[in-house]
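Here is the structure we will look at.
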Amino acid sequence: MAVSSTDPLWADLINSDWRDHRGSGAREDRIYNDSWLASFLARAGWDGEVPEHAERDLLRRLRSLLRRMVDTLMSGKSLRPADVKALNEVLASSPHTPQLAHRGSKWLLAQAPSASGVERVAAAVAHTFAAMIAYGDPARIKTCANTDCGWIIYDESHNRTRRWCDVKECGNLVKVRLFRARRRKLISAATRPK
């Protein structure tokens, strides 16, 4: 699966620790997959080259922090002060400076990031997570119902019924598995001697 265009940046970063949703047990750290990383960085507003491997460690540390915080929220516990402090440090790494900008026929007061590089991307991702905690509903954070997948999703559906990271991938896969299991059970019951 590629970078999602519908899930928030923080969920896509967490899900970069990819597991094969079909159950093979295969895993990939997509932060080291140049194609995936380029797509993710573009969503985060990055317009430069894909960073070297050493620069990607900041994203890996942020992913670990966000995963730990998501697990805490999903368990119904309060966030650890040390984790909140670490998130705030990432947010502080790329403060924004007010800047007068001319767009089309209008002037506007824009916010220009003071930092550049991976720190700016990490701050943008951290901002989406902090905004979800402050203005969203952490109770909408879920794990894909496909136990082989494990992706984190943010359920924005009106009635909070989203179950799958992708209904065409994991949803269909699990539904086919359940159908086949029911069918095997029926066939087994029908062929059992009476």
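The values are calculated or read from the model by the stated rules, or taken from the named source; none is laboratory data. Note that the structure is a prediction, hence the values are computed from the model and not measured. Note: ideal-geometry Cβ built from the backbone for every residue, glycine included; neighbour counts use all protein chains shown.
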Whichever residue in the range 129-145 is small (Gly, Ala, Ser) and either assigned to a loop (DSSP other than H, G, I, E, B) or surrounded by 15 or more Cβ atoms within 10 Å (Cβ to Cβ) (or both) and, among such residues, is nearest to the chain's Cα centre (by Cα): 130
Flag for residue 11 being surrounded by fewer than 15 Cβ atoms within 10 Å (Cβ to Cβ), out of contact with any helix residue (DSSP H, G or I) (no Cβ under 8 Å at 6 or more places or on another chain) and either of a type in the set (D, E, K, R) or in a helix (DSSP H, G or I) (or both): no
All positions within the range 146-170 that are part of a loop (DSSP other than H, G, I, E, B), farther than 19 Å from residue 27 by Cβ and not hydrophobic (A, V, I, L, M, F, W, C): 155, 156, 157, 158, 159, 160, 161, 162, 163
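Which of the residues spanning the range 27-59 are touching a Phe, Trp or Tyr at 6+ places or on another chain (Cβ under 9 Å), closer than 23 Å to residue 149 by Cα, of a type outside the set (A, V, I, L, M) and surrounded by fewer than 18 Cβ atoms within 10 Å (Cβ to Cβ)?
Answer for the range 27-59, where residues must be touching a Phe, Trp or Tyr at 6+ places or on another chain (Cβ under 9 Å), closer than 23 Å to residue 149 by Cα, of a type outside the set (A, V, I, L, M) and surrounded by fewer than 18 Cβ atoms within 10 Å (Cβ to Cβ): 27, 28, 29, 33.
Residues 125, 90, 121: which one is closer than 16 Å to residue 14 by Cβ and touching a Gly at 6+ places or on another chain (Cβ under 9 Å)?
On the way: 125 fails: touching a Gly at 6+ places or on another chain (Cβ under 9 Å); 90 fails: touching a Gly at 6+ places or on another chain (Cβ under 9 Å).
Step by step, each of 125, 90, 121 is checked, and only 121 is closer than 16 Å to residue 14 by Cβ and touching a Gly at 6+ places or on another chain (Cβ under 9 Å).
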Test for residue 85: is it over 30 Å from residue 145 (Cβ atoms) and either hydroxyl-bearing (Ser, Thr, Tyr) or at pLDDT 95 or above (or both): yes
Some residue of the range 111-128 being in contact with a Leu (Cβ under 6 Å, 6 or more places away or on another chain) and either in a strand (DSSP E or B) or of a type outside the set (A, V, I, L, M) (or both): yes
